[in-house]
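Worksheet for the structure shown next.
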There are 2 protein chains.
Amino acid sequence: MINTNTYFQIELTARRIRQYGQNVLKSHGIDLTIEQWLVLNVINENELINQIRVGELLVKDKPTISRMVNQLEQKKYIIKTPSSNDSRKVELSISKKGKKMIDELYPIIEKIRFTGLNKLSENEKESIKTILEKIQKNLDD
Amino acid sequence: MINTNTYFQIELTARRIRQYGQNVLKSHGIDLTIEQWLVLNVINENELINQIRVGELLVKDKPTISRMVNQLEQKKYIIKTPSSNDSRKVELSISKKGKKMIDELYPIIEKIRFTGLNKLSENEKESIKTILEKIQKNLDD
DNA sequence: ACTAAATAGTTGCTTAGCTAACTAATTTCA
DNA sequence: TGAAATTAGTTAGCTAAGCAACTATTTAGT
């Protein structure tokens, strides 16, 4: 049976969480995806960060970050300026509109997290973290 | 910190497993994706299954299954025939080439599974399954 | 100083997930 | 029986991941 397979369950859970989160955002009329929120949040927490660093923090590749940054820029949530020190780099910063969105999103994201992890004991939260890290480490070797 | 977040870890682990699996398939010269293998496997195990049922088993939507089935058909791994009882439905079956591929894939998939779950105790495997199910159930309510 | 290598970012192509809208066939039920 | 609803599958449009190839700038090494 495929659907008892651990990978299947991990992948399915990830999809379900994204889907649930996306629906919650939509129901609040938020014009961002969960992934875009992750990028926005990183930029908010790291003033003048560049795209490579965003990618490192979110473990995503350059093209993916490039495209998401462009979307956020188009929607006026962030500002993208070429670095004066090193003109290969960009410096990303959050706009006023972006800050407002972050504030609006904060409780919504908390609610999403809370819902998914509802009824999980501290033990279980710790446990799943440890197991997922083990799986990732297995794949690195 | 985003990357200590449980959802982030689940999603990242799923991505890592897919990537690892994809590389293993590629290194064996297999012209299938992990997801396509899932579909092929379901068809192999359920002779004359239709696409809706494949979608139910893999928890994927109709368009996704439709495309993957077409890819598998193009690559001659499966045969797609309209059902004679109900001409809205198709009947999917595996071709000889498909069966051969399944046989070839079997040990490779086992290796991928084994690698990811290496060093996990039975207890941990049971545990992650339970926790992931809890999370999914939380989101359903 | 000048070439070669490394780095940051972009573009293009493919697969997959999700939604919505659509066609065609089948069921329902009044 | 015939209109309305349901079902199976497809198509189209969007986002995102992954890969490869590319440009432009910066850094290293001789």
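Every number here is computed from the coordinates shown, using simple stated rules; none is lab data. The shown structure was predicted, so the numbers you read here are calculated from the model rather than taken from an experiment. Please note: Cβ atoms are built from the backbone with ideal geometry, for glycine as well, and neighbour counts cover all protein chains shown.
Evaluate E = 1/(1 + (r/R0)^6) for A:Ile108 and A:Val59, where r is the Cβ-Cβ distance and R0 equals 25 Å; express this FRET efficiency to the nearest 0.05.
Efficiency for this residue pair is about 0.60.
Debye calculation, C-alpha points only, no solvent: report log10 I(q)/I(0) for chain A at q = 0.17 Å⁻¹, in the same order as the q values.
For chain A at q = 0.17 Å⁻¹, log10 I(q)/I(0) is -1.07.
So if each residue of separation counts as 0.36 nm, and I subtract the Cα-Cα distance between B:Lys129 and B:Lys97, what length gain in nm does that give?
Length difference between fully extended and current span is 8.1 nm.
What aspartates and glutamates does A:Lys76 reach when the alpha-carbon gap must be under 20 Å and sequence neighbours fewer than 8 apart in one chain are set aside?
Here the aspartates and glutamates satisfying the reach criterion relative to A:Lys76 are A:Asp31, A:Glu35, A:Glu45, A:Glu47, A:Glu91, A:Asp103, A:Glu104.
Give, rounded to the nearest 20 debye, the magnitude of the charge dipole that the protein assembly as shown has about its Cα centre when Lys and Arg contribute +1 at Cβ and Asp and Glu contribute -1 at Cβ.
For this selection, approximately 760 debye.
Relative to the Cα centre, what is the charge dipole magnitude of the stretch B:57-117, using +1 at the beta carbon of each Lys and Arg, -1 at the beta carbon of each Asp and Glu, and rounding to the nearest 20 debye?
It works out to roughly 160 debye.
Return the average number of partner chain Cβ atoms within 10 angstrom of each residue Cβ along peptide B:122-134.
Taking all residues of B:122-134 together, the mean is 6.
Quote the charge dipole size of chain A about the Cα centre in Debye, to the nearest 20; the model charges only the Cβ of Lys and Arg (+1) and of Asp and Glu (-1).
500
If you put a point 7 Å past Cα along the Cβ direction, how far is that point for A:Phe114 from the same point in each other copy, in nm, smallest first?
Result, one decimal in nm: 4.6.
At 0.36 nm per residue, and after removing the present C-alpha to C-alpha distance, how many nm does the segment from A:Asp31 to A:Ile52 gain when stretched out fully?
Stretched out fully, the A:Asp31 to A:Ile52 stretch lengthens by 5.1 nm.
Sorted from shortest, what are the nm distances separating the label point of B:Thr81 from equivalent points in the other copies, each placed 7 Å from Cα along Cα to C-beta?
Taking the point 7 Å beyond Cα along Cα→Cβ, the inter-copy spacings are 6.8 nm.
Point me to the residue of chain B whose C-beta lies closest to the B-onto-A rotation axis, rounding the distance to whole angstrom.
Chain B residue with minimal Cβ-axis distance: B:Ala14, 2.
B:Gly55: net charge of surrounding residues, Cβ under 14 Å, Lys/Arg +1, Asp/Glu -1, itself excluded?
So the surrounding residues net to +3.
Pick out, from A:Asn50, B:Ile79, B:Ile52, the residue whose Cα sits farthest towards the positive end of the charge dipole of the protein assembly as shown, with +1 on the Cβ of Lys and Arg and -1 on the Cβ of Asp and Glu.
Going by the Cα projections, it comes out as B:Ile79.
If you wrap a convex hull around the C-alpha atoms of the protein assembly as shown and split its volume per residue, what is the figure in Å³?
166
Using just the helices of chain B, give the 222 nm mean residue ellipticity in deg cm²/dmol: DSSP H runs with n ≥ 4 each add -39,500 (n - 2.57), and the total is spread over all residues, rounded to 500.
Dividing the helical sum by the residues of chain B leaves -22500 deg cm²/dmol.
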